[in-house]
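Here the structure is laid out as structure tokens; the discussion comes afterwards.
The values are calculated or read from the model by the stated rules, or taken from the named source; none is laboratory data. No experiment lies behind these values; they were computed from the predicted model shown. Every residue, glycine among them, receives a Cβ derived from its backbone with ideal geometry; neighbour counts consider all protein chains shown.
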Amino acid sequence: MIYRFLEEPWEPAYATEALRKISRHPALSLAYKVHATQRLVERGITISDMLHLLKHGTVLDAASAATRPDYFKYVITCITPNSFGREMAAVVIPDYRACTIKIVTVYWVDEQATKAGTLGGTIND
């Protein structure tokens with residue numbers, strides 16, 4: 001039922017389903033923050049892998065508030081065809097009604113030092 005996707009934040013299972021539905025829709029519009037574009041190039045992640053991630057990935061954690069009111073960020077993860085078995089993740093902000101997904105950043109899950117907030121600091125596991 002589509003109505004459950006109109007009210008956010010979504011539980012991880014609903015977020016997974018919603019992101020997969022949006023990413024498979026023919027009217028999908030992807031918007032990339034400059035930071036995300038830089039990280040795609042820096043990490044050798046292709047647009048096709050980004051699309052694979054959105055179509056097949058899983059959201060495991062609760063959403064966090066985006067800077068724009070009434071929008072939420074989700075972390076989606078997946079092993080993609082060109083990742084050589086590495087798990088890739090992206091922070092995304094979906095808009096179900098507009099069929100849009102904004103990509104905030106992308107990273108390899110196994111590279112802890114490249115995640116925001118860990119550079120120059122310590123990682124508490």
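A few points about this structure:
- Against the test of being over 11 Å from the mean Cα position of the chain (by Cα), modelled with pLDDT of 95 or more and among the small types (G, A, S), the options A116, A31, A89, A36 yield a single qualifying residue, A31.
- Conditions (1) surrounded by 16 or more Cβ atoms within 10 Å (Cβ to Cβ); (2) at pLDDT below 95; (3) of a type in the set (D, E, K, R); number of the one not met by E111: (1)
- Odd one out for Y71, checked against (1) hydroxyl-bearing (S, T, Y); (2) modelled with pLDDT of 95 or more; (3) touching a Phe, Trp or Tyr at 6+ places or on another chain (Cβ under 6 Å): (3)
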